[in-house]
1. If we count GluC sites (Glu not before Pro) as exposed when they sit in a DSSP loop and have at most 14 other beta carbons within 10 Å, what is the longest stretch of the chain that avoids them all?
2. Positive end of the dipole of the stretch 3-46, charges at C-beta (+1 Lys, Arg; -1 Asp, Glu), about the Cα centre: which of L36, V10, A21 has its Cα farthest in that direction?
3. What number of lysine-lysine pairs in the stretch 162-415 show an alpha-carbon separation below 23 angstrom, given a sequence spacing of 8 or more or placement on distinct chains?
4. Which log10 I(q)/I(0) values, to two decimals, does the stretch 6-144 give at q = 0.11, 0.13 Å⁻¹ under the Debye formula with one point per Cα?
5. As a check on your grasp of the helix formula, calculate [θ] at 222 nm for the chain: sum -39500 (n - 2.57) over DSSP H runs of n ≥ 4, divide by the residue count, round to the nearest 500.
6. Report Rg(Cα)/(2.2 N^0.38 Å) for the stretch 312-455, keeping two decimals.
7. If you wrap a convex hull around the alpha carbons of the chain, what volume per residue comes out, as a whole number of Å³?
8. Mind putting a number on the dipole of the stretch 372-438 about its Cα centre? Charges go on the C-beta only, +1 for Lys and Arg and -1 for Asp and Glu, and I need it in Debye to the nearest 20.
Amino acid sequence: MSRPFRLALVHPCIGRRPGEAYIKTWQMESLPMGVLAALTPRDVEVRLHDDRTEAIPYDEPADLVAISVETYTAKRAYQIASEYRRRKVPVAMGGFHASLVPDEVERYAEAVVVGEAEGVWEEVIDDFRHGTPRKRYVAPTRPSLARSRPDRSIFAGKRYLPIGLVEVGRGCGFQCDFCAIQTVFRRTQTRRPEGDVLSELSALKGSRKLFFFVDDNFATHPRKTKEFLRELEPLGIRWVSQMAIPAAHDEEMLSLMRRSGCMGVLIGFESLDPANLAAMDKGFNTMGGGYEVALANLRKHDIRLYGTFIFGYDHDHAGSFGEAVDFAKRHHMYIAAFNHLTPFPGTPLYQRLEQEGRLRYERWWLDPAYRYNGVPFHPKGLAAEDIERGCVAARASFYGRRSMLRRGMAKINRGDGLMWRNFWLINQLHRADVKLRDHWPLGDTGYTGEILNAG
Ligand code: B12
């Protein structure tokens with residue numbers, strides 16, 4: 001009898017300094033790998049190696065390695081691929097970066113999948129099994145997500161944060177100029193069958209106290225979202241997700257969200273300056289009376305906030321950081337992110353900065369001098385270093401002890417026992433990350449081998 005085909009799935013980390021622990025807040029279940037495992041024919045032997053939580057056993061026999069590549073993890077993914085290539089194991093790559101810049105990724109992979117895995121992955125496996133792989137596979141535009149329930153058996157024994165990641169829909173209808181989502185999904189959203197999501201949640205309910213719906217914009221289709229929330233309510237779970245401001249002006253939506261167990265949402269405020277918002281094609285953030293009205297609505301429905309802010313658009317100035325931090329503190333945000341603007345390849349932002357000659361590196365994600373938190377372009381009005389320092393100072397202030405205490409004692413954050421306990425844990429983790437993340441390397445700095453191109 002012939003032995004089964006062996007597939008190794010690899011989720012790369014962004015990078016590491018040997019001997020140092022990886023960023024804790026980034027260690028969550030790998031849904032791309034879970035979905036890939038689910039799409040893989042049953043007679044294939046599948047293993048997951050998560051580079052964020054464990055060492056990769058390169059010498060364990062494998063017939064094919066599949067690596068998920070994001071822009072921040074590209075350098076590390078190419079290092080890992082080289083290790084396998086040295087052992088004559090072929091590598092397939094996919095994911096956001098592969099979809100954004102397939103010509104680059106193709107240099108380091110025997111096969112690259114552009115777009116979603118649904119609809120092409122079985123063909124990729126079949127071709128490798130028969131020794132006839134193609135160099136590039138392009139997914140049909142927006143395949144059905146009917147078979148996208150992740151196979152979580154591959155997560156067994158991995159030490160992920162205890163939050164259940166579940167997808168309801170994929171994509172977002174807006175076109176913010178910095179966002180990789182709109183570039184890859186062209187402003188469309190597809191949704192998993194509701195029954196499938198609900199049965200996945202029912203099965204996980206006993207082992208997860210909190211769920212994270214990883215949708216790019218949970219409320220993209222208000223009518224369908226409301227239908228889903230009505231079905232969700234009887235399950236009695238706690239959940240958090242991500243959405244855009246318009247939903248915060250829809251009180252029926254907020255009420256349904258709360259009743260179905262919504263504990264909080266991530267909202268991209270990005271900037272307090274309408275001129276910056278207009279420049280990023282996110283003018284809709286100021287709709288319906290602006291942030292204060294939206295935030296009052298969320299408070300009224302007891303929905304906590306994870307606010308995210310971006311710095312580096314042309315109208316930012318030295319005071320922008322302090323203004324955003326004060327705003328986040330004043331509104332007692334549960335957590336908040338203060339990041340520099342990042343030009344991801346393929347986005348309208350990247351093209352604009354490239355045309356204006358403002359990119360500091362040819363490809364920042366592969367440049368040996370580039371580190372996490374480095375501003376990879378020439379901003380206007382502020383120096384790149386001012387933005388880097390401003391972001392770190394904003395995080396340090398927001399996660400400072402006094403701010404944590406004030407926010408932690410606010411009514412909105414105390415309202416639920418589990419979420420209140422989590423508040424201290426999560427804020428502590430983010431507090432520790434402020435220093436750790438700054439200048440975190442891309443790629444493993446201990447990697448001494450060559451980066452090997454695929455044939
Ligand atoms: C949840 C999430 C997180 C979570 C955890 C993710 C995890 N598992 O560890 C947290 C909050 C930790 C996080 C952190 C960050 N994230 Co994030 N995250 C997401 C989000 C919202 C969902 C990811 C997900 O699980 N999707 C569901 C799975 C099933 O979809 P998928 O990953 O796209 O995979 C499909 C295809 O891409 C393809 N595919 C993927 N891999 C492979 C591999 C092969 C071989 C094949 C064939 C196919 C394939 O098939 C899959 C099924 O169709 C995405 C947005 C999105 N829609 O994906 C952003 C996203 C991936 N994150 C992004 C970023 C920038 C970050 C951060 C750098 C943010 C920051 N500044 O700190 C960090 C980096 C962390 C890290 N890489 O270690 C960007 C990446 C952009 C890019 N160009 O690469 C995204 C796309 C968001 C965005 N708006 O641009 N993130």
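1. 55-355
2. It is A21.
3. Close lysine pairs under the 23 Å cut-off: 10.
4. Taking Cα atoms of the stretch 6-144 as identical point scatterers yields -0.36, -0.50.
5. -10000 deg cm²/dmol
6. Ratio of Cα Rg to 2.2 N^0.38 Å: 1.26.
7. 140
8. The calculation lands at about 440 debye.
Since every read-out is calculated from the coordinates, none of them should be taken as a lab result. Here the structure is a predicted model, which is why all the values come from computation and not from measurement. Counting neighbours? That spans all protein chains shown, and the Cβs are built from the backbone with ideal geometry, glycine included.
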